[in-house]
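The values are calculated or read from the model by the stated rules, or taken from the named source; none is laboratory data. None of these values were measured; they are calculated from a predicted model. Note: ideal-geometry Cβ built from the backbone for every residue, glycine included; neighbour counts use all protein chains shown.
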Amino acid sequence: MTEILQKLVVDCGTGEATYVPLTAEEIAQREADALAYAQEQADREAAEAARQAQREAIMTRLGLTADELKVLLG
Amino acid sequence: MTYGTLINTQTIAAGGAASIDFNSIPQTYTDILIVLSGRLSIGSGVFEVKLNSTSSTSNEKYLYGDGTTGSSGNNGVLYGLVDSSAYTANTFGNTQIYIPNYAGSNTKIVSVDGVTENNATTSLQKLTTATFGSSAVTSVNLVNSFAQYSTASLYGIK
(Lines give C-alpha, C1' and ligand atoms only; values in the text may rest on other atoms or scores of the structure.)
Protein backbone atom coordinates (compact mmCIF):
# COMPACT_ATOMS: atom_id res chain seq x y z
CA MET A 1 0.00 0.00 0.00
CA THR A 2 1.33 3.45 -0.86
CA GLU A 3 1.79 5.70 2.14
CA ILE A 4 -0.10 8.99 1.90
CA LEU A 5 2.08 11.79 3.24
CA GLN A 6 0.14 14.43 5.06
CA LYS A 7 0.94 17.63 6.90
CA LEU A 8 -0.71 19.15 9.94
CA VAL A 9 -1.97 22.63 9.08
CA VAL A 10 -2.96 24.84 12.00
CA ASP A 11 -4.92 28.05 11.50
CA CYS A 12 -3.93 30.08 14.54
CA GLY A 13 -6.67 32.58 13.82
CA THR A 14 -9.48 30.07 14.20
CA GLY A 15 -7.67 27.36 16.15
CA GLU A 16 -8.66 24.81 13.52
CA ALA A 17 -6.16 22.03 12.74
CA THR A 18 -6.45 19.75 9.72
CA TYR A 19 -4.37 17.02 8.12
CA VAL A 20 -3.81 17.75 4.43
CA PRO A 21 -2.15 15.40 1.88
CA LEU A 22 1.11 16.74 0.44
CA THR A 23 1.04 17.93 -3.15
CA ALA A 24 3.40 16.38 -5.73
CA GLU A 25 5.47 19.57 -5.56
CA GLU A 26 5.77 19.34 -1.78
CA ILE A 27 6.80 15.69 -2.00
CA ALA A 28 9.49 16.58 -4.58
CA GLN A 29 10.74 19.42 -2.36
CA ARG A 30 10.85 17.10 0.61
CA GLU A 31 12.97 14.61 -1.32
CA ALA A 32 15.28 17.37 -2.56
CA ASP A 33 15.70 18.69 1.00
CA ALA A 34 16.57 15.20 2.26
CA LEU A 35 19.17 14.75 -0.47
CA ALA A 36 20.69 18.16 0.23
CA TYR A 37 20.94 17.38 3.93
CA ALA A 38 22.52 13.96 3.27
CA GLN A 39 25.09 15.60 0.98
CA GLU A 40 25.88 18.29 3.53
CA GLN A 41 26.27 15.69 6.27
CA ALA A 42 28.59 13.58 4.10
CA ASP A 43 30.70 16.64 3.29
CA ARG A 44 30.90 17.58 6.97
CA GLU A 45 31.93 14.06 8.01
CA ALA A 46 34.55 13.91 5.26
CA ALA A 47 35.99 17.26 6.35
CA GLU A 48 36.08 16.14 9.99
CA ALA A 49 37.79 12.85 9.01
CA ALA A 50 40.39 14.81 7.03
CA ARG A 51 41.06 17.10 10.00
CA GLN A 52 41.40 14.09 12.33
CA ALA A 53 43.84 12.40 9.94
CA GLN A 54 45.86 15.61 9.81
CA ARG A 55 45.93 15.83 13.63
CA GLU A 56 47.08 12.22 13.92
CA ALA A 57 49.80 12.73 11.31
CA ILE A 58 51.14 15.74 13.21
CA MET A 59 51.06 13.86 16.52
CA THR A 60 52.92 10.96 14.94
CA ARG A 61 55.59 13.34 13.63
CA LEU A 62 55.93 14.84 17.10
CA GLY A 63 55.88 11.43 18.78
CA LEU A 64 52.90 12.32 20.98
CA THR A 65 49.87 10.32 22.04
CA ALA A 66 46.42 11.92 22.22
CA ASP A 67 46.60 11.88 26.04
CA GLU A 68 49.99 13.58 26.02
CA LEU A 69 48.67 16.25 23.70
CA LYS A 70 45.74 16.88 26.08
CA VAL A 71 48.21 17.38 28.94
CA LEU A 72 50.16 19.89 26.88
CA LEU A 73 47.06 21.80 25.85
CA GLY A 74 45.39 21.64 29.27
CA MET B 1 5.66 34.65 36.20
CA THR B 2 3.69 34.35 33.01
CA TYR B 3 6.04 32.97 30.41
CA GLY B 4 3.81 33.72 27.47
CA THR B 5 0.36 33.27 26.03
CA LEU B 6 -0.42 29.90 24.54
CA ILE B 7 -1.68 30.54 21.01
CA ASN B 8 -2.07 26.94 19.92
CA THR B 9 -0.84 23.46 20.80
CA GLN B 10 -1.03 20.33 18.68
CA THR B 11 -0.24 16.66 19.24
CA ILE B 12 0.43 14.52 16.20
CA ALA B 13 -2.13 11.79 15.60
CA ALA B 14 -1.58 8.19 14.52
CA GLY B 15 -0.07 8.13 11.06
CA GLY B 16 2.30 11.02 11.77
CA ALA B 17 2.77 14.24 9.83
CA ALA B 18 5.32 15.32 7.22
CA SER B 19 5.21 18.84 8.61
CA ILE B 20 3.58 20.96 11.27
CA ASP B 21 2.48 24.31 9.88
CA PHE B 22 1.38 27.10 12.20
CA ASN B 23 -0.42 29.51 9.85
CA SER B 24 -2.22 32.84 10.33
CA ILE B 25 -0.11 33.66 13.39
CA PRO B 26 -1.58 36.72 15.17
CA GLN B 27 0.63 39.81 14.77
CA THR B 28 -0.12 41.13 18.25
CA TYR B 29 2.89 39.92 20.25
CA THR B 30 6.50 41.07 20.45
CA ASP B 31 8.11 37.63 20.04
CA ILE B 32 6.93 34.10 19.46
CA LEU B 33 8.22 30.85 20.88
CA ILE B 34 7.61 27.28 19.73
CA VAL B 35 8.20 24.48 22.21
CA LEU B 36 8.42 21.07 20.61
CA SER B 37 8.55 17.65 22.19
CA GLY B 38 9.24 15.52 19.17
CA ARG B 39 10.25 12.27 17.61
CA LEU B 40 10.77 11.49 13.94
CA SER B 41 9.73 8.22 12.32
CA ILE B 42 12.95 8.08 10.29
CA GLY B 43 16.61 7.43 11.13
CA SER B 44 17.53 11.11 11.35
CA GLY B 45 16.45 13.46 14.14
CA VAL B 46 16.78 16.76 12.30
CA PHE B 47 13.89 18.76 10.91
CA GLU B 48 13.90 22.02 9.03
CA VAL B 49 12.47 25.25 10.41
CA LYS B 50 10.96 27.47 7.72
CA LEU B 51 9.32 30.88 8.06
CA ASN B 52 6.49 31.70 5.67
CA SER B 53 7.27 28.39 3.89
CA THR B 54 10.74 29.67 3.02
CA SER B 55 14.12 28.28 4.03
CA SER B 56 16.75 30.42 5.67
CA THR B 57 19.16 31.72 3.09
CA SER B 58 21.99 33.17 5.12
CA ASN B 59 24.00 33.28 8.33
CA GLU B 60 23.02 29.87 9.61
CA LYS B 61 25.55 28.74 12.25
CA TYR B 62 25.43 25.86 14.68
CA LEU B 63 27.20 24.51 17.73
CA TYR B 64 26.82 20.77 18.10
CA GLY B 65 27.93 18.24 20.70
CA ASP B 66 27.44 14.60 21.65
CA GLY B 67 28.96 14.73 25.12
CA THR B 68 32.37 13.66 23.87
CA THR B 69 33.20 15.85 20.93
CA GLY B 70 31.83 19.16 19.76
CA SER B 71 31.77 20.91 16.45
CA SER B 72 30.50 24.06 14.86
CA GLY B 73 29.70 24.96 11.31
CA ASN B 74 27.11 25.89 8.77
CA ASN B 75 24.37 23.73 7.24
CA GLY B 76 23.00 26.41 4.96
CA VAL B 77 19.45 26.08 6.28
CA LEU B 78 18.00 26.09 9.78
CA TYR B 79 17.52 22.71 11.46
CA GLY B 80 16.07 21.70 14.81
CA LEU B 81 16.82 18.46 16.64
CA VAL B 82 14.62 15.83 18.25
CA ASP B 83 14.79 12.05 18.66
CA SER B 84 15.01 9.81 15.61
CA SER B 85 13.50 6.34 15.28
CA ALA B 86 16.90 4.94 16.29
CA TYR B 87 16.47 6.24 19.83
CA THR B 88 14.93 4.36 22.73
CA ALA B 89 11.26 3.65 22.06
CA ASN B 90 8.79 6.22 23.39
CA THR B 91 11.44 8.85 24.11
CA PHE B 92 11.15 12.35 22.69
CA GLY B 93 13.69 15.09 22.09
CA ASN B 94 13.04 18.75 22.77
CA THR B 95 13.54 21.86 20.68
CA GLN B 96 12.71 25.50 21.36
CA ILE B 97 12.47 27.99 18.53
CA TYR B 98 12.57 31.67 19.47
CA ILE B 99 11.63 34.36 16.94
CA PRO B 100 11.99 37.90 18.30
CA ASN B 101 10.26 40.85 16.63
CA TYR B 102 8.50 38.49 14.24
CA ALA B 103 5.79 40.94 13.19
CA GLY B 104 7.95 43.86 12.06
CA SER B 105 9.84 44.59 8.87
CA ASN B 106 13.32 44.01 10.26
CA THR B 107 15.49 41.02 9.30
CA LYS B 108 14.30 37.96 11.22
CA ILE B 109 16.91 36.36 13.45
CA VAL B 110 15.86 32.97 14.77
CA SER B 111 17.49 30.84 17.45
CA VAL B 112 16.87 27.12 17.85
CA ASP B 113 18.12 24.90 20.64
CA GLY B 114 17.51 21.19 20.70
CA VAL B 115 18.47 18.12 22.69
CA THR B 116 17.78 14.43 22.29
CA GLU B 117 16.78 11.95 24.97
CA ASN B 118 18.04 8.39 24.83
CA ASN B 119 18.47 5.47 27.20
CA ALA B 120 21.83 4.73 25.56
CA THR B 121 25.22 6.34 25.09
CA THR B 122 24.37 8.61 22.19
CA SER B 123 22.68 11.86 23.04
CA LEU B 124 23.04 15.13 21.20
CA GLN B 125 22.72 18.86 21.73
CA LYS B 126 22.53 21.50 19.04
CA LEU B 127 22.30 25.28 19.24
CA THR B 128 21.59 27.04 15.95
CA THR B 129 20.83 30.48 14.63
CA ALA B 130 19.96 31.83 11.20
CA THR B 131 18.54 34.87 9.53
CA PHE B 132 15.61 35.12 7.18
CA GLY B 133 14.18 37.96 5.10
CA SER B 134 12.37 40.98 6.45
CA SER B 135 8.76 39.90 5.85
CA ALA B 136 6.49 39.66 8.88
CA VAL B 137 6.25 36.07 10.05
CA THR B 138 2.72 34.77 9.54
CA SER B 139 3.58 31.08 9.42
CA VAL B 140 6.19 28.73 10.88
CA ASN B 141 6.75 25.34 9.30
CA LEU B 142 8.47 22.42 11.02
CA VAL B 143 9.36 19.98 8.26
CA ASN B 144 10.13 16.28 8.54
CA SER B 145 8.39 13.04 9.47
CA PHE B 146 6.97 13.65 12.93
CA ALA B 147 5.79 10.59 14.79
CA GLN B 148 2.58 10.19 16.77
CA TYR B 149 2.49 12.01 20.11
CA SER B 150 4.99 14.66 19.03
CA THR B 151 3.63 17.91 20.48
CA ALA B 152 4.26 21.46 19.29
CA SER B 153 3.06 24.54 21.18
CA LEU B 154 3.16 28.11 19.92
CA TYR B 155 3.42 30.91 22.48
CA GLY B 156 3.15 34.65 22.07
CA ILE B 157 5.54 36.74 24.19
CA LYS B 158 4.73 40.35 25.03
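Worth pointing out:
Table: residues versus (1) under 30 Å from residue B:147 (Cβ atoms); (2) touching an Asp or Glu at 6+ places or on another chain (Cβ under 7 Å); (3) loosely packed, with under 11 Cβ neighbours inside 10 Å; (4) touching a residue at least 12 places away in the same chain (Cβ under 8 Å).
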{"site": "A:30", "(1), (2), (3), (4)": "yes, no, no, yes"}
{"site": "A:33", "(1), (2), (3), (4)": "yes, yes, no, no"}
{"site": "A:38", "(1), (2), (3), (4)": "yes, no, no, no"}
{"site": "A:45", "(1), (2), (3), (4)": "yes, no, yes, no"}
{"site": "A:52", "(1), (2), (3), (4)": "no, no, no, no"}
{"site": "A:59", "(1), (2), (3), (4)": "no, no, no, no"}
{"site": "A:66", "(1), (2), (3), (4)": "no, no, yes, no"}
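- Count - residues of segment A:1-53 that are over 23 Å from the mean Cα position of the chain (by Cα), within 9 Å of chain B (Cβ to nearest Cβ), hydrophobic (A, V, I, L, M, F, W, C) and not in a strand (DSSP E or B): 3
- When we screen B:133, B:70 for residues that are of a type outside the set (Asp, Glu), without any contact (Cβ under 8 Å) to a residue 12 or more places away in the chain and farther than 23 Å from residue B:11 by Cα, the only hit is B:70.
- Considered as a group, the residues in segment B:80-117 that are of a type in the set (S, T, N, Q) and buried (at least 17 other Cβ atoms within 10 Å of the Cβ) include one that is nearest to residue B:55 (Cα to Cα), and that residue is B:95.
- Members of segment B:1-52 that are of a type in the set (Lys, Arg) and on the phi > 0 side of the Ramachandran plot: none
- Qualifying positions in segment B:136-158 - surrounded by fewer than 24 Cβ atoms within 10 Å (Cβ to Cβ), modelled with pLDDT of 95 or more and assigned to a loop (DSSP other than H, G, I, E, B): B:136, B:137, B:138, B:139, B:147, B:148, B:149
- Filter result (among the aromatic types (Phe, Trp, Tyr) and closer than 18 Å to residue B:138 by Cα) within segment B:90-110: B:98, B:102
- Filter result (modelled with pLDDT of 90 or more and either acidic (Asp, Glu) or in a strand (DSSP E or B) (or both)) within segment B:73-88: B:79, B:80, B:81, B:83
- When segment B:39-61 is filtered for residues that are part of a strand (DSSP E or B), more than 9 Å from chain A (Cβ to nearest Cβ) and surrounded by 19 or more Cβ atoms within 10 Å (Cβ to Cβ), the ones remaining, listed by number, are B:39, B:40, B:47, B:49, B:50, B:51, B:60.
- Checked against the criterion of being under 28 Å from residue B:105 (Cα atoms), among the small types (Gly, Ala, Ser) and touching a strand residue (DSSP E or B) at 6+ places or on another chain (Cβ under 8 Å), the candidates B:41, B:58 yield just one match: B:58.
- Of all residues in segment B:22-33, at least one satisfies being more than 13 Å from chain A (Cβ to nearest Cβ), among the acidic types (Asp, Glu) and within 30 Å of residue B:158 (Cβ to Cβ).
- Candidate set from segment B:13-29 (those that are among the polar types (S, T, N, Q) and either in contact with a Leu (Cβ under 8 Å, 6 or more places away or on another chain) or part of a strand (DSSP E or B) (or both)); member that is modelled with the highest pLDDT: B:23
- Where residue B:64 falls short, out of the listed (1) facing another protein chain (nearest Cβ under 10 Å); (2) under 25 Å from residue B:148 (Cβ atoms): (2)
- So residue B:32, is it of a type in the set (Val, Ile, Thr), part of a strand (DSSP E or B), surrounded by 18 or more Cβ atoms within 10 Å (Cβ to Cβ) and at pLDDT 95 or above: yes
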